[in-house]
Amino acid sequence: MVAASDSKIRVLCVDDVEDVTSALRMLIDTAPGREMECIGSMNAADGLTERVRSLEHPPDVVLLDANMPGRDPFRAMVELAAECPKTGTIIYSARKGKTFIDKVMSAGARGYICKEDPPAL
C-alpha cells in the first residue's frame, strides 16, 4: 500500500459531502512533509473499482466514507480489494465503537479514522 520511496502516497477520497472531500484534499495536500497527494475524489462508491482501474497511476489508498447513498461502501471495498489488491482502503466515518470498527476491519479495511477526531498533523 505504500508508494515507492521517491513518490508520494496517492489518495482517492470518497465521500458524499463535497465540503468533506474538499477539506480532506486540503489536509492531504498541505500536510507537513508532503508525503501524500490527493489524486481525486468521488461522491459515491458507485464505480469505485472501475475508477481505480482507469487511472494511469492508481491510488495507494482510498479514504472511503462508510455511510453514503448509492452503492454500499463495504461491498465496494471488498470488490476493490479483490480486483485492485495494491490499493488499500481506510474507512472514514462518524460511526465509532468496537463493534463497528471490528466490522470495518473484518471487511478488509487497512484502517479506520473517526470523522469526529481532530486531524493529527
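The values are calculated or read from the model by the stated rules, or taken from the named source; none is laboratory data. The shown structure was predicted, so the numbers you read here are calculated from the model rather than taken from an experiment. Cβ: placed from backbone, ideal geometry, glycine included. Neighbour counts: every protein chain shown. SASA here: full protein model, heavy atoms, side chains in, ligands and nucleic acids out. Shrake-Rupley method; radii C 1.70, N 1.55, O 1.52, S 1.80 Å.
Only loop residues by DSSP count here, and only those with at most 11 other Cβ atoms within 10 Å; note down the GluC sites (Glu not before Pro) in the range 1-60 that meet that. Hits after loop and neighbour filter: GLU56. Listed by chain and number, the aspartates and glutamates placed with their C-alpha closer than 20 angstrom to that of LYS96 are ASP15, ASP16, ASP65, ASP72, GLU116, ASP117; residues fewer than eight positions away on the same chain are left out. Applying Stokes-Einstein at 20 °C and 1.002 mPa s to the Kirkwood radius of the range 45-111, computed over alpha-carbon pairs, gives a translational diffusion coefficient of 178 µm² s⁻¹.
Candidate cross-link partners of LYS86 among the lysines, defined by an alpha-carbon separation under 20 Å and a same-chain spacing of 8 or more, comprise LYS8.
Expressed as a whole percent, the accessible surface of the chain that belongs to carbon and sulfur atoms is 54, based on a 1.4 Å probe.
Summing Lys and Arg as +1 and Asp and Glu as -1 over all other residues whose Cβ lies under 10 Å from the Cβ of MET36 gives a net charge of -1. Once C-alpha pairs closer than 8 Å and six or more residues apart are averaged by separation and normalised to the residue number of the chain, the relative contact order reads 24 percent. Please give me, ordered by residue number, the trypsin sites (Lys or Arg not before Pro) of the range 70-106 that lie in loop per DSSP and have at most 12 other Cβ atoms within 10 Å. Listed in order of number, the matching sites are LYS86. For the range 66-109, a crude dipole built from +1 on the beta carbon of Lys and Arg and -1 on the beta carbon of Asp and Glu, taken about the Cα centre, is about 200 debye to the nearest 20. Per residue, the range 50-121 exposes 58 Å² of accessible surface when a 1.4 Å probe is rolled over the protein heavy atoms with every protein chain present.
With the cut-off at 24 Å, report for the chain the share of all Cα pairs above it, as a whole percent. Result: 20 percent of Cα pairs exceed 24 Å.
Placing a label point 7 Å from the Cα of ASP16 along the Cα-to-Cβ direction, the residues of the range 30-70 whose backbone N falls under 12 Å of that point are 43-46, 65-70.
On the basis of the beta-carbon distance and an R0 of 25 Å, GLU116 and ASP46 show a calculated FRET efficiency of 0.45.
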